[in-house]
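Taking it in order: structure first as structure tokens, then the write-up.
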Amino acid sequence: MEIYQKQSFKDSFKVYLDIRMLRILLLGAISGFPWVIIGSSLSLWLKEEGLSRSTIGWAGLIFAVYAFNYLWAPLIDRIRIPWLTNKVGHRRSWIILMQLIILLSLVFWNFIDPTANLALVITVGLIIAIASATQDITVDALRIEQIGKNEGKSMQAGAAIAVVGWWTGYKLGGVIALNVADYFEKLGFQNYWQITFLILGIVVIACNIGLLFVNEPQNRDRHDSQKKTDLAIQKKLGTSNFLTKTTAWISGTIGGPIISFFNKNGLKIALGILGFVFLFKIGEAFLGRMSIIFYKEIGFTKSDIAIYSKGLGWVTTVVFTLLGGLFAIRSGVIKAMFVSGILMASTNLLFSLLAWSGKSEWLFAVAVIFDDMAAAFATVAFVAFISMLVDRTYTATQYALLASIGTAGRTTLAASSGAMVDWLNGDWGIFFVITAVMVIPSLIFLYIIRKDIKLSEK
């Protein structure tokens, strides 16, 4: 059960002034930016090449890798990259390597025609998604490790700043992508999206330069605990040779984080947590997957989308993420989860109104503002929630596991979003009503387990 103490608004806000929050902001931006590439940019590229809503929706299955990155997260916790790890640290070396893969993929996209080589386009998108999902494992671990394990308030503030960073990378990255694409299209370039991807590669390079200013805390306790687990398993095997050492390493790497999670929470509460995490943001994912297609079909241009959905959306998201963090600090993260869930469901209905009323810039702005407000509250509460559940011995693995389960619902199920719109004969209004009710099952899970969840909010 969560424990919190109320404090003044001023005292609550002071936690944002910690220098560590600036580092967390950058890490969030690094994490959010790839979603621009394989999300709105790829979707709009395929849309303007004449591909169907269903095809674009199913292409979004590449996001499913985010749901399974926990499978290799234990390796990211343990494996050191030759030479690079010694130069920049364990966590940062993995981030830099993945950023390089994303950069090379963007360059490769520049030479592909999606109408003639759709499979190749999706394959490269999948490579970017895998690199991004792998990067997220390390980014989240490095972000959590910036904060002491007993600094609950700072952890919640860090979650808010991380969300601000993520949306900064995603929204401002979207502003850059859409405006650049629009600019080169108006100049008459046929391959304006390919040019845009090259320019986005420059942003990737800038992220790597910024990463060098993020300190990586030395965590000998994590390595010592991992070795103790390996030795305990090896002892039970009875002998000490290459085979038993390898078996112990694999067993400790994969099984240790899972056993630790269930031991800490108990079977019933652990399953309740997993159910809630899986279901919480499905409705938001359905809306998000199809939103840019909806905007285009209702009559908005790329510049309109850049201004309202990305530019205005970024400002709204930053403001309400910080406010959401303060709300979580002052009221407790569990209460914040309930409030944000209700907000998400309510604001999705605004898109129904937009669909039924037709193109309206003021209603578009209102819908975007309230949707981003709800998403900001929900995301910061969700990130704080799972960040405060992890064991520091298995930071990357446990966070990746919980985040992946949440992503599984959003990516695998949301892949059918385009097919659902087609099944509804393009009735966007009803589609958004359906997305509004999708949050209810998760709140039922949370209500059942709310009193038994073990969180520290000092």
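FYI, it's all coordinate maths here, none of it is from the lab. No experiment lies behind these values; they were computed from the predicted model shown. Glycine gets a Cβ as well: all are built from the backbone with ideal geometry, and neighbour counts include every protein chain shown.
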What is the extension gain from Leu61 to Ser357, computed as 0.36 nm multiplied by their sequence separation minus the C-alpha to C-alpha distance, in nm to one decimal? 103.4 nm
Just want the ordering: Ile202, Ile101, from fewest to most Cβ atoms lying within 10 Å of their own Cβ. Ile202, Ile101
Tabulate in residue order the Karplus-calculated ³J(HN,Hα) for the stretch 86-97, using 6.51 cos²θ - 1.76 cosθ + 1.60 with θ = phi - 60°, rounded to whole Hz; enter x for Gly and Pro. 5, 7, 10, x, 4, 5, 5, 5, 5, 4, 4, 4
Could you put Tyr70, Tyr192 in order, starting from the residue whose Cβ has the fewest other Cβ atoms within 10 Å? Tyr192, Tyr70
When Leu402, Leu27 are ordered from fewest to most other Cβ atoms inside 10 Å of their Cβ, what list results? Leu402, Leu27
P(r) for the stretch 9-449, please, calculated from all Cα pair distances in 10 Å bins and given in %. 4, 21, 32, 26, 12, 3, 1, 0
